[in-house]
Amino acid sequence: MERTNYTERNSFGLPNIVIPAEVLFHPDLTSREKILFGFINNLAYSEQGCWASNKYLGGLIGVRPDTTSTAIAKLAELEFISLEYHTRGTDE
C-alpha cells in the first residue's frame, strides 16, 4: 500500500493523521486499530520508517503497549504495514 502524503505538525506537535478508505472501512479493524494506522503511516514518512515504541504509540491511542503490539500484528497480517525487527544494544 502506498503511503499517503505527510501533513504538517499541528498544535499537539504531531502531524494530522490520514486514514485511507481501504483501512477506514475494513470490517476486521477496530476504531483504535484504524487510528493507530494513521499515526504509524505519518510517523513512517521518513526514509527510516516509524521507530516509535509500542509504549509511545499506545499512549497516543490510550492503550497498553501489549494491546498496541496486538494491533500492529493485525495491521501487518492484513498487509497494511510491514514490520522489521531490530534489537537494541544493551549497556551491560
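Looking across segment 24-33, the residues that are among the charged types (D, E, K, R) and part of a helix (DSSP H, G or I) come down to 32, 33. Go through (1) modelled with pLDDT under 95; (2) touching an Asp or Glu at 6+ places or on another chain (Cβ under 7 Å) and name the single condition residue 75 misses. In the conditions (1) modelled with pLDDT under 95; (2) touching an Asp or Glu at 6+ places or on another chain (Cβ under 7 Å), residue 75 misses (1) alone. Among the residues of segment 53-68, those identified as part of a loop (DSSP other than H, G, I, E, B) and either among the charged types (D, E, K, R) or surrounded by fewer than 16 Cβ atoms within 10 Å (Cβ to Cβ) (or both) are 53, 62, 64. Taken together, the residues in segment 4-33 that are at pLDDT 95 or above, farther than 13 Å from residue 72 by Cα and among the charged types (D, E, K, R) amount to 2.
Based on what the data block shows, is residue 16 surrounded by fewer than 19 Cβ atoms within 10 Å (Cβ to Cβ), touching a helix residue (DSSP H, G or I) at 6+ places or on another chain (Cβ under 6 Å) and not hydroxyl-bearing (Ser, Thr, Tyr)? Against the criterion (surrounded by fewer than 19 Cβ atoms within 10 Å (Cβ to Cβ), touching a helix residue (DSSP H, G or I) at 6+ places or on another chain (Cβ under 6 Å) and not hydroxyl-bearing (Ser, Thr, Tyr)), residue 16 does not qualify. Count of segment 62-75 residues, restricted to those that are within 10 Å of the chain's Cα centre (by Cα) and not hydroxyl-bearing (Ser, Thr, Tyr), is 3.
Per-residue answers, yes or no, for (1) part of a helix (DSSP H, G or I); (2) on the phi > 0 side of the Ramachandran plot; (3) modelled with pLDDT of 75 or more; (4) surrounded by 17 or more Cβ atoms within 10 Å (Cβ to Cβ):
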position	(1), (2), (3), (4)
2	no, no, no, no
35	yes, no, yes, yes
39	yes, no, yes, yes
49	no, yes, yes, no
70	yes, no, yes, no
82	no, no, yes, no
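The values are calculated or read from the model by the stated rules, or taken from the named source; none is laboratory data. What you are looking at is a predicted structure, and each value in this text was computed from that prediction instead of being measured. We place every Cβ from the backbone using ideal geometry, glycine too, and count neighbours over all the protein chains shown.
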